[in-house]
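K.L.:
Structure below; questions to follow.
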Amino acid sequence: MAEKILIVDDEREITDLVALYLENERFTVFKCYTAQEALGCIAAEGLDLAILDVMLPDMSGFELCKRIRQEFHYPVIMLTAKIAEVDRITGLTLGAGDYVTKPFLPLELVARVKAQLRRYKQYNTGAQPDENVITCNGLTLNVKTRECTLNDKPLTLTPTEFSILRILCQNYGSVVSAEDLFHGVWGEEYYTKNNNTITVHIRHLREKMGDSFESPKYIKTVWGVGYKIGN
């Protein structure tokens, strides 16, 4: 059965050209020019990979990627005319597997699609744990239901608190900067948020988890860098 690829880009010439190359490789291709069209396709079709433009007319590609990751785990490739490092970090933090800067060679994009599909199949064969569930340091987060427990006791979290905790757990043992947390939670809205926002949410999380600022067991502050869970 042909693998299903979604392309979302409001530049129709690019979308049609990429679709042509992918169809020549025997992929089934769905073309959407807005995020709302894409959301309908995502819900209706069992996709194998999505290619998302960052700059869409009705929603950023980052936000669309975040919505895909709330339910699905197939590979996502981001397309953008931007080359800022922070944009790459944002896409990867939200769950994108690759990042392609315009202009690009269609054959290179096709090669990246094939590589992402091979990697996804390689690590998703046989019996796998529930990909919607993240566990670390006594925490269990169900990404699909947005439920969280700590040492088997439920934690009542706001959507923002859940998103921050999810990003920290997905980067277990690594420091995540406040800036990357901003982008991971709010995407393009980053620049409108107050610099203290993450600090406030981290404090609330610690209070709910019964964690200590001075000797934290869970969320650790790495001064001048960011936050981490583990190690």
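Values in this text are rule-based calculations from the coordinates and carry no lab data. Bear in mind the structure is a predicted one, so any value in this text is a computation, not a measurement. Positions of Cβ are generated from backbone atoms using ideal geometry, with glycine treated the same way; all protein chains shown enter the neighbour counts.
K.L.:
Based on DSSP H assignment, which helices of the chain show an axial Cα extent of at least 15 Å together with a mean Kyte-Doolittle hydropathy greater than or equal to -0.5?
P.N.:
12-24, 159-170, 197-209
K.L.:
Tally Lys and Arg at +1 and Asp and Glu at -1 over the other residues with C-beta under 14 Å from the C-beta of CYS32: what net charge comes out? Let's see the in-between values first.
P.N.:
Working: positive: LYS4, ARG12, LYS31, ARG67; negative: ASP9, ASP10, GLU11, ASP16, GLU37, GLU45, ASP53, ASP58.
Value of the local net charge: -4.
K.L.:
Over the chain, what is the percentage of antiparallel beta bridges among all DSSP beta bridges, to the nearest 5? Walk me through the numbers before you get to the answer.
P.N.:
Numbers: 16 of 33 bridges.
Taking every DSSP beta bridge with both residues in the chain, the antiparallel ones total about 50 percent.
K.L.:
In terms of modelled amide H atoms, which long-range or inter-chain residues lie less than 5 Å from the amide H of VAL133?
P.N.:
Close amide H contacts, sequence-distant or interchain: VAL143.
K.L.:
Then there is this: Please work out, to two decimal places, the log10 of the ratio I(q)/I(0) at q = 0.16 Å⁻¹ from a Debye calculation in which every Cα of the chain carries one identical scatterer.
P.N.:
-1.14
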